[in-house]
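Comments concern the structure below.
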Amino acid sequence: MIKARHLALGAVAAILVAACQDTASPRPSITAGHVKPPPKGGGECANFRLTGGGRVDQRDHLGYAKSTPESHDFATFGFQARPTSSCPPTDGSGNIEWNEHNPDEFGGGFAFHGQVAFFTTPTDETAGDSRCGRFGGLGRLNTRNNGTFEDVPFEVNHACDVAEPGVGNDHIKITIGDVYTRHGILSGGNIQQHRLTGNN
Amino acid sequence: MTLRFLVALTLLAGAVQAQSVTGKAFGTYVNLAGNVSQSPVATLPSSGGMATGQADAFGVPGSVDAQWLNAVTTGAVDNKKTGAQSTSEVENVSTAAGLITADIVTAVATSYFGQFDGGTDATGSGFTNLVVNGVPVTEDVAPNTRVDLPGVGYAILNEQTPTGDGVTSWGMTVNMIHVVLQDALTGLTTCEIIIGSASSSVAR
């Protein structure tokens, strides 16, 4: 843990490069003092809102068991997101907290706080699934050992309310800048899709 | 006719009954002889929404040391589907004079109901590299596990307290580490410490 918290900058850079090489399509990247606007476009107006919170351990739908304790390989989250009252455009509002514990992830792990700027139907492999929504915007990335980055773009590529309870059913995929992505089935918590009523 | 009227009245009463959610999460709480110290608390509005509470570090000398405290609670009220979920995380925890340590303490409390049923659970709660009385705990800790802390007091690990009637309301409070320090001579409680607390409830 202590060792992980003192990763040399070179190691962090290597992680950054590896993450970039894994990128299938152009996405905004994290560069101190230089931030690109959040991704927009694609997707349709969504006539629902989403709330959720909990925990994700495994990746890419490979089950939902807890990771081994020594790996620290899990994230926890909470969010609320909704489209604005008039759509189009596909503007949205809300917030997300995402806490990554894996010391091998960017910055030795981090806490991310994002402000939602757009909300649409998904454009990835979950496109057409009425249980799923997509949202994104900008946020603050507070890393364990690599400082803090402001105005970092993020996108929840999909958050899907599959069933109640959410454990073992609901799933979420998030991308933060070019340096991080996690996609998995909830190992705790819940994601719910709600009608567009009220302000919350 | 009268029966129809009563049924309609009952349905109407149900429709106008206020649905609500509650959620609360915090990293640490210390009550040392009546002096309370607590890390930021996330409290969900009854109508739903989101609340957070964070601190990079929190410590009360002799009681608890912790880092990277993150508490978040979210929820929404909807006739069709209502839910609240709270999460608390605390890292690099040491409490009870080092008798309990953990790399990460995670509390998750989820409550929900749909059109026909509801529920609550603490799935996702857990410890990462928990050590109690110098002994690593490698298995999942069962709910409401009591451990003695020799010469100091005791602790309840993974303390889970369900709330609600299970018919119209559901809820759960999870305190991952609940330490009670006692006077060695009198047995009276001298300090109460809670680390990793999450609670949520829903009602219709």
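Since every read-out is calculated from the coordinates, none of them should be taken as a lab result. Predicted model, so just to flag it, every value in this text is computed and none were measured. Neighbour counts are summed over all protein chains in view; Cβ atoms, including those assigned to glycine, are modelled from backbone coordinates with ideal geometry.
Assuming R0 = 35 Å, can you tell me the calculated FRET efficiency for the pair A:T68 and B:T43, based on Cβ-Cβ distance, to the nearest 0.05?
Taking R0 as 35 Å, the efficiency between A:T68 and B:T43 is 0.55.
Determine the shape class of the stretch B:4-163: with a ≥ b ≥ c the square roots of the Cα gyration tensor eigenvalues, call it rounded for a/c under 1.5, and otherwise prolate if a/b is greater than b/c, oblate otherwise. Spell out each step's value before the answer.
Working: a/c = 2.73, a/b = 2.18, b/c = 1.25.
Cα axes put the stretch B:4-163 in the prolate bin.
Once the other residues with Cβ under 15 Å from the Cβ of B:F58 are scored (Lys, Arg +1; Asp, Glu -1), what is the net sum?
Local charge sum for B:F58: -4.
Just tell me how shielded A:178-189 is by partners: mean number of partner chain Cβ atoms within 10 Å of each residue's Cβ, no decimals. Show your work: numbers first, answer last.
Working: counts 0, 0, 0, 0, 0, 0, 0, 0, 5, 4, 13, 13.
Per residue, the average neighbour count from other chains is 3.
Can you order the peptides B:139-150, A:86-97, A:153-164 by their average number of other Cβ atoms within 10 Å per residue, highest first? Write out the running numbers ahead of the final one.
Working: B:139-150: 12.8, A:86-97: 18.7, A:153-164: 22.6.
Ranked by mean Cβ neighbours within 10 Å, highest first: A:153-164, A:86-97, B:139-150.
In the neighborhood of A:G133, defined by Cβ-to-Cβ distances under 10 Å, what is the net charge if each Lys or Arg adds +1 and each Asp or Glu adds -1?
On the way: positive: A:R49, A:R82, A:R131, A:R134; negative: A:D129, A:D161.
Neighbour charge sum, excluding A:G133 itself: +2.
Sort B:75-81, B:102-108, B:127-133, B:31-37 by the packing proxy (mean of other Cβ within 10 Å over each peptide's residues), most packed first. Each step should come with its number before you reach the end.
On the way: B:75-81: 22.3, B:102-108: 27.0, B:127-133: 19.9, B:31-37: 11.1.
Top of the packing list down: B:102-108, B:75-81, B:127-133, B:31-37.
Add -39500 (n - 2.57) for each DSSP H run of 4 or more in chain B, then divide by its residues: what number comes out at 222 nm, to the nearest 500 deg cm²/dmol? Intermediate results must be reported in sequence, preceding the final value.
Values: 1 runs with 15 residues, N = 204.
Calculated mean residue ellipticity at 222 nm is -2500 deg cm²/dmol.
Aspartates and glutamates within cross-link reach of B:K81: Cα-Cα under 13 Å, excluding same-chain residues under 8 positions apart?
Partners found: A:D161, A:E164, B:D117.
At a Förster distance of 30 Å, what's the computed FRET efficiency of A:C45 paired with B:R204, Cβ-Cβ distance as r, to 0.05?
Numbers: r = 29 Å, r/R0 = 0.98.
Once the sixth-power term is evaluated, E becomes 0.55.
Rank-order B:113-121, A:98-106, B:50-58 by packing density, defined as the average count of other C-beta atoms within 10 Å over each peptide's residues, highest first.
Details: B:113-121: 16.9, A:98-106: 22.1, B:50-58: 18.6.
Descending packing order for the listed peptides: A:98-106, B:50-58, B:113-121.
How high is the FRET efficiency between A:D124 and B:T138 when r is their beta carbon distance and R₀ equals 41 Å, given to the nearest 0.05? Write down the numbers at each step before the final one.
Working: r = 38 Å, r/R0 = 0.92.
The formula returns an efficiency of 0.65 here.
On average, how many beta carbons from a partner chain sit within 10 Å of the beta carbon of a residue in B:79-91?
Mean partner-chain Cβ count within 10 Å for B:79-91: 6.
Hey, got the average number of other protein chain Cβ atoms within 10 angstrom for residues in B:51-57?
Mean inter-chain Cβ contacts per residue within 10 Å come to 2.
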